Amino acid sequence: MIKKIDHIGVAVKSLDEALPFYTDVLNLPLLAIEEVESEKLRVAFLKVGESKIELLEPTSAESTVAKFIEKRGEGIHHVALGVDSIQARINEMKEKGVRMIQDEPKTGAGNALVAFMHPKSAGGVLVELCEKKGMEK
């Protein structure tokens, strides 16, 4: 079952340049900045009610976010849906004909378990399933 929109991922070239808009103009609280080496990213977590915005800064030209920015520019990268039992949700999506990028969850930002649906199965939107076991960042 999908519980909520966990976060919206926004691809940015620079956290230093992007953060002032979110923290000073929109007055969103900055919760943390974390490096996710496996994805070649720095991630800033901003609180918006019960959800978050994650600013995604590539740390390498080889990261998928760097390639996204090169192709499409900065902007919304993905929508993450909070779920329980992520492996069951992956299996359910596959049974319904959804093409998954990951068949098994991997560890993502905030130590959450994540798996992405291919945008071709979701109307052009990159959708992430996100399970946070007892931790809300």
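Just so it is clear, none of the values below were taken in a lab; they were calculated from the coordinates. Nothing here was measured: the structure is a model prediction, and the numbers come from that model. Glycine also receives a Cβ, built like all others from the backbone with ideal geometry; neighbour counts cover every protein chain displayed.
Tabulated results
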| read-out | value |
| --- | --- |
| Relative contact order of the chain, defined on C-alpha pairs under 8 angstrom at six or more residues apart (%) | 25 |
| Förster-model FRET efficiency, 22 Å R0, LEU31 and LYS133, C-beta, rounded to 0.05 | 0.80 |
| Cα gyration tensor category, rounded, prolate or oblate, for segment 1-100 with a/c compared to 1.5 | oblate |
| In segment 52-97, trypsin sites (Lys or Arg not before Pro) in a DSSP loop with at most 12 other beta-carbon atoms within 10 Å | LYS96 |
| Restricting segment 25-85 to GluC sites (Glu not before Pro) in coil, as DSSP defines it, with at most 15 other Cβ within 10 Å | GLU50, GLU62 |
| Helix-derived mean residue ellipticity, 222 nm - over the chain, DSSP H n ≥ 4, -39500 (n - 2.57), to 500 | -5000 deg cm²/dmol |
| Extension gain (nm, one decimal) between ALA61 and LYS106, 0.36 nm per residue minus Cα-Cα | 14.0 nm |
| Inter-label distance, nm, simple model (7 Å from Cα along the C-beta direction), LYS4/VAL48 | 1.4 |
| Angle between the chain longest axis and helix 86-95 axis [Cα atoms, degrees, rounded to 10] | 60 |
| Charge context of PRO58, other residues only, Cβ under 10 angstrom, K/R +1, D/E -1 | 0 |
| Extension reserve of the LYS120-GLU95 stretch, reckoned as 0.36 nm per residue once the Cα distance is removed | 7.4 nm |
| Charged-residue dipole, Cβ positions (Lys, Arg, Asp, Glu), the chain about Cα centre, Debye nearest 20 | 460 |
| Residue-span extension gain [ASP84 to GLU17] - 0.36 nm each, minus C-alpha spacing | 20.7 nm |
| Beta bridges per DSSP with both ends in the chain, % antiparallel, nearest 5 | 75 |
| Cα-based shape type of segment 71-137, given that a ≥ b ≥ c are square roots of the gyration tensor eigenvalues and the cut on a/c is 1.5 | oblate |
